[in-house]
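The values are calculated or read from the model by the stated rules, or taken from the named source; none is laboratory data. Keep in mind that this is a model prediction, so the values were computed, not measured. Positions of Cβ are backbone-derived with ideal geometry, glycine not excepted, and every protein chain shown enters the neighbour counts. To get the accessible areas, we keep the full protein, side chains included, count just its heavy atoms, and leave off ligands, DNA and RNA. Shrake-Rupley method; radii C 1.70, N 1.55, O 1.52, S 1.80 Å.
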Amino acid sequence: EEAPAGRRGERDWGEEGPAERGPGAAFHMFVLMEDLLDKLKLLSYEEEALRRHNMRPLSRHYFALPTNPGEQFFMFCTLAAWLISKAGRPFEQPQESDDPNAVISNVLSELRSF
């Protein structure tokens, strides 16, 4: 039997969902979120980013569960702008009233320039 696309012995997961990848795959997003939160804490995001904008700290599952998409999007944009600025690039903090497509376009454009 030939191996599917990819290196020999590896499976190409392609279109399969978490249930087809194994029982732990459904929880992978939670592990990623906890890792992200640990990294943000190492960068002092609570003191530098959240206090400046009077925001609450993230829970360990904040981006893993869709609760309030508008709030989560704004938090993502706030953190992205802060991280870009922390990397030494001037980047204007997005406002909640800004067009989401324009905000994402600006973030992606700045990241591409890295």
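Couple of notes before you dig in:
- Residues that are over 15 Å from residue 29 (Cβ atoms) and in contact (Cβ under 8 Å) with a residue 12 or more places away in the chain, drawn from the range 53-69: 53, 55
- Checking each residue in the range 101-111 for being open to solvent by less than 70 Å² (accessible area, probe 1.4 Å) and touching a Pro at 6+ places or on another chain (Cβ under 9 Å) picks out 102, 103, 107.
- Among residues that are over 23 Å from residue 111 (Cα atoms) and of a type in the set (Lys, Arg), residue 89 is not included.
- Condition met for residue 114 (crowded, with 16+ Cβ neighbours inside 10 Å and at pLDDT below 95): no
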